[in-house]
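For reference, the structure is listed below as structure tokens.
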Amino acid sequence: MQLNPFILETSYEIIHKVGGVETVVRSKAPEMVREYGENFLMVGPYIPSDDKYQTYFEDTRKVNQRFNTLLTNFEAQFNLPQNFIKFGRWLIPGGPNCVLLPVEFGDNQQLGQYRHTAIDMLNRLFSMDLFNLGEEKGEQFKQNAINFGVMSWLFYSYIVPNFIQNTDMMLFVQTHEWLASIGQVLFQIGDAFIKNKKDAQYINPQKIRFIFTTHATTIGRHLSAGNIWLTDCFKNGKEECVKFAAEQAAIRNIKLEHSAEFHAAQKCDVLTTVSTITNEECIHFLGRSADVITWNGLHVNSQKGMVDDHELQSTHKAMKQKIMDFVQTYFYGIDDSDTQIFFTAGRNEFKNKGIDLFIDSLAALRDLMDSEEFLQKNEGMRNKTVVAFIVAPQANGGFNQHTLQVSNLLKEMQLYMDNLAINLKTKLLKMICTSGNFLDVKIKDLFDQQDTITMKRFQQSLKKAGGMSPICTHNIDENCEIIRALKEKNLLNQPYTHVKVIYVPEFLQKTSIFGLDYQEFVRGAHLGIFASAYEPFGYTSPECMCVGCASLVSNLCGFGNLVEETQGKVQESKDFISQLENLHRISSQSNFESPLMSSHKQKPAEPKNSWVSNQLGVQVIDRVYNGYKDQVGNMAMLMFEYLSLNTFDRISLRNRMSRNAVVVDWSVQINNYIQAYEKAARK
């Protein structure tokens, strides 16, 4: 369908970050600008206390005559102070235009009247009393959301007759989450109020369409946080679930949020959501199935930061070595050539983020790898070690004594070895350039007695520190769920075990234990495990995919749904990835062979290893139909299969998944939003 669309994308997280929606609208913006140009406008709140507006917003209202005139007239019609509405560019890639609507009305009587009318309408629709919201932090947040809804309602009511109506354009208002849905609901139920104003202008309903996107229902988030399995709720049927959701919203003091979501979903022209698992929430909690699944995306090229397979592998090797430097000092006696780094990372939600499943699966893998009977049948696994990191922030008392000791020792050794290397280079050069039999050179000719003593002291210090390394890098409450679970499963870093665990209770950054930020750590790791029991979409696994780190993901995670759908299409059509690359507008490197790969012409692993044929480097764990015991067994087996890969297969998998990461690029996923607009236009 040929459209001349004007897109208003409304979110409470334009510039102002509340949760994960900011990542979505920010990363999607460059593609929206490319697709719609100046006909794309983002609408967000103006909150002066947020310093992001000082660094990420450029006011261009005075130099943009088109929008300055529109906003000046809008302010005049509703008796608002001049320049009350902010207009400018969000200083991110794409530089999208954005309108920022104030959420603090002060003593403006005109806005106070509109707010009173809006709350009166919402009270009748939601069957609640919003006039009695308090001044506490949570209640003030709701007050601001209502104010943002009031301003959005007035803006929509003005822009249609004054900017859209007498043109060939159609206005598409894309609202995200309950915070942006209030303005949509007010517009749709407040039409009569606007018409009754003496200066009201006719609003042609054929010139505006609403697309509401829920990234996860509010009630779904709260139930999951309370360790209630949503799949169990869904078994009760749609009508029963809708009733249950309303009851729970009242009990949990989220009636405003749920009511706004529910009515926005019911009244919008097109409902979208970010995954098939969140669509189940739409059906059972909001009473309507999504018209389009608008999968989340990211910018693959910016994530990769590299141009070919060789650089991908060399960056992995460099980052891995930094992790291994720490690991070898933390655990004495580990051979880095046979050690692989597994990890999970995210908010510290023990069951929601699947940390419980990760720990239990590590214990199952440990039982297998520590078994002498197993090792006798699999001699190639005898020297292999897994070091598993759990990165989940929690209150702590800073680095513990062991971590400080080995970290300082590592820095001391690295400094000493750097100086030693300079001296060694000088001695070797002299030996080569002078007469004599070079083969007669002995170790004492290269290192003096002091060097030998110092290196021996380093070794003794490491041996003493690494006897029984703690399972956590920080001083922490020993009664926390993660520590308790590790102790219950006897994952205590015994010297003989093949599976070691390190719990890092803070987000990774340059000042962390490795001197690496999170993305650099992921580049150096081998396998990420994200077995969430609730994750509307989840960016951790696709971020791994972009930089060549294999991952396991749950089918209760939205990205897991996308992987299952994509793998099905790949099996149906060998050209599927190539078609996506054309959408991505980049040249395929599918015929490029890394020099590093050609130097590892080992025999590929047996075809029965599921990683060998995997195109995306992502395996999906079934947490819907399998019982917990089977989930543990399946995850442990997939970990073991990855350990069984030889160097050639790991490099091949890394290159393959990095190339095929195009499936999550916004240049591909933006088409779902375009489909939603086209569907709305036909309403």
>> For segment 608-666, give me each residue that is among the small types (Gly, Ala, Ser), under 16 Å from Ser551 (Cβ atoms) and more than 22 Å from the chain's Cα centre (by Cα).
In response: Ser610, Ala636
>> Can you pull out every residue in segment 510-533 that is touching a strand residue (DSSP E or B) at 6+ places or on another chain (Cβ under 8 Å) and assigned to a loop (DSSP other than H, G, I, E, B)?
In response: Ser512, Ile513, Ala525, His526, Ala531, Ser532, Ala533
> Within segment 365-399, which residues are closer than 23 Å to Ser337 by Cα and of a type in the set (A, V, I, L, M, F, W, C)?
Replying inline: Leu365, Leu368, Met369, Phe374, Leu375, Met381, Val386, Val387, Ala388, Phe389, Ile390
> What is the one condition in (1) under 21 Å from the mean Cα position of the chain (by Cα); (2) at pLDDT 95 or above; (3) farther than 24 Å from Ile146 by Cβ that Thr218 does not satisfy?
Replying inline: (3)
> Hey, among the residues in segment 356-379 that are modelled with pLDDT under 90 and touching a helix residue (DSSP H, G or I) at 6+ places or on another chain (Cβ under 8 Å), which one's surrounded by the fewest Cβ atoms within 10 Å (Cβ to Cβ)?
Replying inline: Phe374
> Would you pick out the residues in segment 209-238 that are in contact with a strand residue (DSSP E or B) (Cβ under 8 Å, 6 or more places away or on another chain) and assigned to a helix (DSSP H, G or I)?
Replying inline: none
>> Within segment 364-382, does at least one residue satisfy the condition of being under 22 Å from Met324 (Cα atoms), touching a residue at least 60 places away in the same chain (Cβ under 8 Å) and either within 28 Å of the chain's Cα centre (by Cα) or not assigned by TED's automatic domain parsing to the domain that holds Ala485 (or both)?
In response: yes
>> If I filter segment 95-107 down to residues being touching a strand residue (DSSP E or B) at 6+ places or on another chain (Cβ under 9 Å) and outside any strand (DSSP E or B), which single residue comes out as modelled with the lowest pLDDT?
In response: Glu104
> Of everything in segment 335-355 that's in contact with a strand residue (DSSP E or B) (Cβ under 8 Å, 6 or more places away or on another chain) and free of Cβ contacts under 8 Å to residues at least 60 places away in the same chain, which residue is surrounded by the fewest Cβ atoms within 10 Å (Cβ to Cβ)?
Replying inline: Asp335
>> Yes or no: segment 49-63 includes at least one residue that is in contact with a Ser or Thr (Cβ under 7 Å, 6 or more places away or on another chain), modelled with pLDDT of 90 or more and of a type in the set (A, V, I, L, M, F, W, C).
In response: no
> Out of curiosity, is Asn383 more than 18 Å from Thr540 (Cα to Cα) and not in a helix (DSSP H, G or I)?
Replying inline: yes
> Ile355: closer than 27 Å to Met637 by Cα, of a type outside the set (D, E, K, R) and in contact with a Cys (Cβ under 9 Å, 6 or more places away or on another chain), yes or no?
Replying inline: no
>> Against the conditions (1) modelled with pLDDT under 95; (2) among the aromatic types (Phe, Trp, Tyr); (3) outside any loop (DSSP other than H, G, I, E, B), where does Tyr642 fall short? Just the number, please.
In response: (1)
>> Quick test for you: out of Phe57, Phe105, Phe40, Phe74, pick the one residue that is out of contact with any Lys or Arg (no Cβ under 7 Å at 6 or more places or on another chain), under 18 Å from Ser157 (Cβ atoms) and among the aromatic types (Phe, Trp, Tyr).
In response: Phe74
> Any idea which of Tyr46, Tyr36 is surrounded by 16 or more Cβ atoms within 10 Å (Cβ to Cβ), out of contact with any helix residue (DSSP H, G or I) (no Cβ under 8 Å at 6 or more places or on another chain) and either at pLDDT 95 or above or within 29 Å of Ala676 (Cβ to Cβ) (or both)?
Replying inline: Tyr36
>> So in segment 385-409, with the set limited to residues that are buried (at least 19 other Cβ atoms within 10 Å of the Cβ) and not polar (S, T, N, Q), which one is farthest from Asp356 (Cα to Cα)?
In response: Val406
>> I'm trying to understand the selection: among the residues of segment 481-509, which are in a loop (DSSP other than H, G, I, E, B) and under 25 Å from the mean Cα position of the chain (by Cα)?
In response: Pro505, Glu506, Phe507, Leu508, Gln509
> Can you tell which of Tyr53, Tyr114 is within 33 Å of the chain's Cα centre (by Cα) and among the hydroxyl-bearing types (Ser, Thr, Tyr)?
Replying inline: Tyr53
> For segment 82-97, what are the residues that are under 30 Å from the mean Cα position of the chain (by Cα) and among the polar types (S, T, N, Q)?
Replying inline: Asn97
>> Tell me whether segment 138-151 contains one or more residues that are in contact (Cβ under 8 Å) with a residue 12 or more places away in the chain and over 33 Å from the mean Cα position of the chain (by Cα).
In response: no
> If you check Phe105, Phe126, which single one turns out to be surrounded by 14 or more Cβ atoms within 10 Å (Cβ to Cβ) and under 15 Å from Tyr46 (Cβ atoms)?
Replying inline: Phe105
> Looking at segment 249-303, which of its residues are surrounded by fewer than 24 Cβ atoms within 10 Å (Cβ to Cβ), assigned to a helix (DSSP H, G or I) and charged (D, E, K, R)?
Replying inline: Lys255, Glu257, Lys267, Glu280
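The values are calculated or read from the model by the stated rules, or taken from the named source; none is laboratory data. The model shown is predicted, which means the values in this text are computed figures rather than measured ones. Ideal geometry is used to build each Cβ from the backbone, glycine not excepted, and the neighbour counts take in all protein chains shown.
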